[in-house]
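A.B. asks: Before we start, here is the structure in question, set down as structure tokens.
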Amino acid sequence: MAWTRGQLWDKVVEQAQNNPKYLEALKADPRGLMEKQLGTAIPAGVNVKVIEETADTYYVVLPAITAEGAELTDSDLEKVAGGGTVKGDASCDSAQGCAIGVTVVDVSLV
């Protein structure tokens with residue numbers, strides 16, 4: 001099954017909240033766990049970090065900024081192409097950990 005980045009995010013959060021062993025593995029080795037779930041190696045130059053929110057701290061994660069004039073690779077274009085739509089309410093007004101993405105991945109969650 002192909003998953004969007006948002007669907008993957010939702011499933012990872014659900015697993016982390018409901019499965020203490022999964023949460024422990026995610027914190028201990030996020031790269032290893034994500035590589036297992038994605039079924040592919042994550043490039044060595046890509047860092048994978050887990051940041052856990054607290055009751056008094058909310059994190060806003062901004063996407064990387066590409067240098068002006070830089071072109072997307074064919075692979076990057078494929079990730080954002082397709083004209084998909086978001087079902088339901090796409091706002092983050094009251095959602096914890098709200099994320100909307102377009103990267104399609106194939107996962108098998110623990």
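A.B. asks: Kindly indicate whether any position in segment 73-94 is at pLDDT 70 or above and either within 14 Å of the chain's Cα centre (by Cα) or surrounded by 10 or more Cβ atoms within 10 Å (Cβ to Cβ) (or both).
C.D. replies: no
A.B. asks: Follow-up question, since we're still on this one. Which residues, counting only those in segment 37-51, are surrounded by 10 or more Cβ atoms within 10 Å (Cβ to Cβ), under 14 Å from the mean Cα position of the chain (by Cα) and in contact (Cβ under 8 Å) with a residue 12 or more places away in the chain?
C.D. replies: Of everything in segment 37-51, those that are surrounded by 10 or more Cβ atoms within 10 Å (Cβ to Cβ), under 14 Å from the mean Cα position of the chain (by Cα) and in contact (Cβ under 8 Å) with a residue 12 or more places away in the chain turn out to be Gln37, Leu38, Val48, Val50.
A.B. asks: What is the residue count in segment 14-35 for residues that are under 14 Å from Ile51 (Cα atoms), in contact (Cβ under 8 Å) with a residue 24 or more places away in the chain and surrounded by 15 or more Cβ atoms within 10 Å (Cβ to Cβ)?
C.D. replies: Matching residues across segment 14-35 total 2.
A.B. asks: Any chance you could count how many residues in segment 26-59 are part of a loop (DSSP other than H, G, I, E, B) and closer than 21 Å to Glu14 by Cβ?
C.D. replies: Final tally of qualifying residues: 11.
The values are calculated or read from the model by the stated rules, or taken from the named source; none is laboratory data. As the structure is a prediction and not an experimental result, all values here were calculated from the model. For neighbour counting, all protein chains shown are included, and Cβ atoms are generated from backbone atoms with ideal geometry for every residue, glycine included.
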